[in-house]
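The values are calculated or read from the model by the stated rules, or taken from the named source; none is laboratory data. Please read these numbers as outputs of a predicted model, since none were measured by experiment. Glycine gets a Cβ as well: all are built from the backbone with ideal geometry, and neighbour counts include every protein chain shown.
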Amino acid sequence: MTLRKKEDPATVRALRELEHGSASVRLRAALTVGTVPDPGCVGRLVERCGVEPDFSVREMLTWALTRHPASATVPLLLDAVRSRRAQARSQALHTLSKIADRRAWPAITPALLSDVDDEVARAAWRAAVVLVPEGAEHELVVRLATQLGRGGRETQLSLSRALVALGEVMLPMVGAAQTDPDPRVRAHAIATERLWRDPDSGFASAIEEAKRVVALGGAGQKER
């Protein structure tokens with residue numbers, strides 16, 4: 001006869017408090033669940049990530065998930081990346097990037113990398129850079145390069161950081177994009193290469209300089 005593990009009263013209370021109206025109470029609840037990991041709580045944590053409105057609480061939920069075995073968390077997170085709810089997809093991807101279990105790589109599909117929701121796409125880019133297997137970097141660069149020129153400054157910065165993190169393998173694709181017919185793509189590509197060559201320059205100055213170069217018709221010129 002197998003005896004069922006007795007549920008810890010503090011954990012039971014914490015799971016209830018994840019629904020509390022106060023963000024500070026929910027934050028403490030997530031901390032409690034992460035402090036005393038219990039695989040039986042994983043499903044509830046993943047579910048809450050998809051609806052939690054407070055950023056700090058979501059980060060604590062992610063931390064709590066990383067405290068549990070990957071064997072318990074990754075399968076449920078992979079289910080969440082297919083959710084119809086954008087927040088569930090983005091938070092699951094964010095958590096997978098923190099767990100860094102490369103068995104999750106097949107879930108980083110082209111559809112996620114080009115998700116219509118900017119937050120989901122940004123989370124997918126970050127996760128992809130962490131999870132990409134050795135030898136698959138070029139394929140990832142090709143997919144990421146299709147997103148050049150997308151969104152506002154924060155979205156563009158996220159993509160540039162992802163490309164830069166992949167190293168020199170990204171330079172040919174980024175270089176080719178500097179002659180794209182779309183001026184937004186050209187400017188973003190130029191700014192990404194500038195960020196690669198001079199990380200201390202900052203993206204804001206890089207993108208403004210890139211826009212100036214494009215406006216002056218010098219988009220196709222490579223820096224020496």
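Can you run down the residue pairs with Cβ atoms below 9 Å, 6 or more apart or on separate chains, where the first is in segment 201-214 and over 14 Å from GLY152 (Cβ atoms) and of a type in the set (A, V, I, L, M) and the partner is modelled with pLDDT of 70 or more and surrounded by fewer than 20 Cβ atoms within 10 Å (Cβ to Cβ)?
ALA206/ASP198; VAL214/PRO183; VAL214/ARG184
Tell me yes or no: at least one residue of segment 98-108 is in contact with a Phe, Trp or Tyr (Cβ under 9 Å, 6 or more places away or on another chain) and in a helix (DSSP H, G or I).
Yes, segment 98-108 contains a residue that is in contact with a Phe, Trp or Tyr (Cβ under 9 Å, 6 or more places away or on another chain) and in a helix (DSSP H, G or I).
From ARG89, ARG102, which residue is buried (at least 18 other Cβ atoms within 10 Å of the Cβ), without any contact (Cβ under 8 Å) to a residue 40 or more places away in the chain, closer than 21 Å to VAL132 by Cα and under 17 Å from the mean Cα position of the chain (by Cα)? Step through it out loud before you land on a result.
Numbers: ARG102 fails: buried (at least 18 other Cβ atoms within 10 Å of the Cβ).
When all the criteria are applied, what remains is ARG89.
Return only the number of the condition from (1) more than 12 Å from the chain's Cα centre (by Cα); (2) among the hydroxyl-bearing types (Ser, Thr, Tyr); (3) closer than 26 Å to ARG58 by Cβ; (4) in the same structural domain as ILE207 (by TED's automatic domain parsing) that THR146 does not satisfy.
(3)
Just to be sure I understand the filter: pairs with C-beta atoms under 6 Å, separated by 6 or more residues or on different chains, first member in segment 27-56 and in contact (Cβ under 8 Å) with a residue 40 or more places away in the chain, second member surrounded by 18 or more Cβ atoms within 10 Å (Cβ to Cβ) and among the small types (Gly, Ala, Ser). Which pairs pass?
The qualifying pairs are VAL46/ALA80; GLY50/ALA88.
Based on this model, can you work out whether ARG28 counts as at pLDDT 95 or above, out of contact with any Lys or Arg (no Cβ under 8 Å at 6 or more places or on another chain) and not in a helix (DSSP H, G or I)? I'd like the intermediate steps shown before the answer.
Details: at pLDDT 95 or above: yes; out of contact with any Lys or Arg (no Cβ under 8 Å at 6 or more places or on another chain): yes; not in a helix (DSSP H, G or I): no.
No, not satisfied.
Based on this model, can you work out whether ALA14 counts as surrounded by 16 or more Cβ atoms within 10 Å (Cβ to Cβ), in a helix (DSSP H, G or I) and modelled with pLDDT under 95? Full working, then the answer.
Details: surrounded by 16 or more Cβ atoms within 10 Å (Cβ to Cβ): yes; in a helix (DSSP H, G or I): yes; modelled with pLDDT under 95: yes.
Yes, satisfied.
Here's the yes/no breakdown for (1) at positive phi; (2) basic (Lys, Arg); (3) at pLDDT 95 or above:
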{"site": "GLN147", "(1), (2), (3)": "no, no, yes"}
{"site": "ARG150", "(1), (2), (3)": "no, yes, yes"}
{"site": "ALA162", "(1), (2), (3)": "no, no, yes"}
{"site": "LEU166", "(1), (2), (3)": "no, no, yes"}
{"site": "PRO183", "(1), (2), (3)": "no, no, no"}
{"site": "ALA187", "(1), (2), (3)": "no, no, no"}
{"site": "TRP196", "(1), (2), (3)": "no, no, no"}
{"site": "PRO199", "(1), (2), (3)": "no, no, no"}
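What are the residues in segment 59-73 that are touching a helix residue (DSSP H, G or I) at 6+ places or on another chain (Cβ under 6 Å) and not polar (S, T, N, Q), if any?
Initial filter on segment 59-73 (touching a helix residue (DSSP H, G or I) at 6+ places or on another chain (Cβ under 6 Å)): 60-68, 70, 72-73.
MET60, LEU61, TRP63, ALA64, LEU65, ARG67, HIS68, ALA70, ALA72, listed by residue number.
Can you tell me which condition SER160 does not meet? The list is (1) without any contact (Cβ under 8 Å) to a residue 40 or more places away in the chain; (2) polar (S, T, N, Q); (3) outside any loop (DSSP other than H, G, I, E, B), and all the others hold.
Checking SER160 against (1) without any contact (Cβ under 8 Å) to a residue 40 or more places away in the chain; (2) polar (S, T, N, Q); (3) outside any loop (DSSP other than H, G, I, E, B), the one that fails is (1).
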